[in-house]
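One structure is given here, and the rest of the page talks about it.
Please treat every number below as a calculation from the coordinates, not as lab data. No experiment lies behind these values; they were computed from the predicted model shown. When we count neighbours, we look across all protein chains shown, and the Cβ atoms used for this are built from the backbone with ideal geometry, even at glycine.
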């Protein structure tokens, strides 16, 4: 009887209890399907973070441009070029170029992509500039008067 068990175990090479190649391929294919689904929310969170940082950068840029205009008594312009993924701060004595994320698209309701700041720090034209990255949307609202502006996340 013992010889018969040893003989049948020796004839069956899969008796070891390991995984077959087909089983391993099934597990790997399931992992390949689940992994992108897991990282999709992380990608949206990353985009939200990038847009929030960009909004803060624009807020700081406008504030600095207003202070420069007042200190030098000269006008300053901020020109957005979303087709080439940058914006420029144009002062009478120099131009500063800053990169934008290539996925950020900008629209304005004033048919210009230029913010003009007077020598006293006021905006020469009120308007709303909208920045998109996928489904994330921020609005920059320029007001006449004391040079006030705000940038906020907009709902669809």
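Each Cα pair under 8 Å and six or more residues apart adds its separation to the average, and for the stretch 19-153 the resulting relative contact order is 18 percent. Note on residue 150 and residue 71: the extension gain reaches 26.2 nm, defined as 0.36 nm multiplied by sequence separation minus the Cα-Cα distance. Separation of the stretch 42-100 and the stretch 127-147 by C-alpha centroid, Å? Distance between centres, Cα-based: 13 Å.
Per residue, the chain reaches -14500 deg cm²/dmol at 222 nm when only DSSP H runs of four or more residues are counted, each adding -39500 (n - 2.57). Here the extension length gained between residue 79 and residue 124 equals 14.8 nm, from 0.36 nm per residue of separation less the Cα-Cα distance.
Stokes-Einstein diffusion of the chain at 25 °C, 0.890 mPa s viscosity, Kirkwood radius from Cα pairs, rounded to a whole number: 124 µm²/s. At 7 Å along the Cα-to-beta-carbon direction for both residue 105 and residue 57, put a label point, then send me their distance in nm to one decimal. Each label point is offset 7 Å from its Cα along the Cβ direction, giving 2.0 nm.
For the options 92, 102, 36, a Gaussian network treatment of the chain with springs between C-alpha atoms closer than 10 Å singles out 36 as fluctuating the most. The distance between label points at residue 50 and residue 25 comes to 3.7 nm (points 7 Å beyond Cα on the Cα→Cβ vector).
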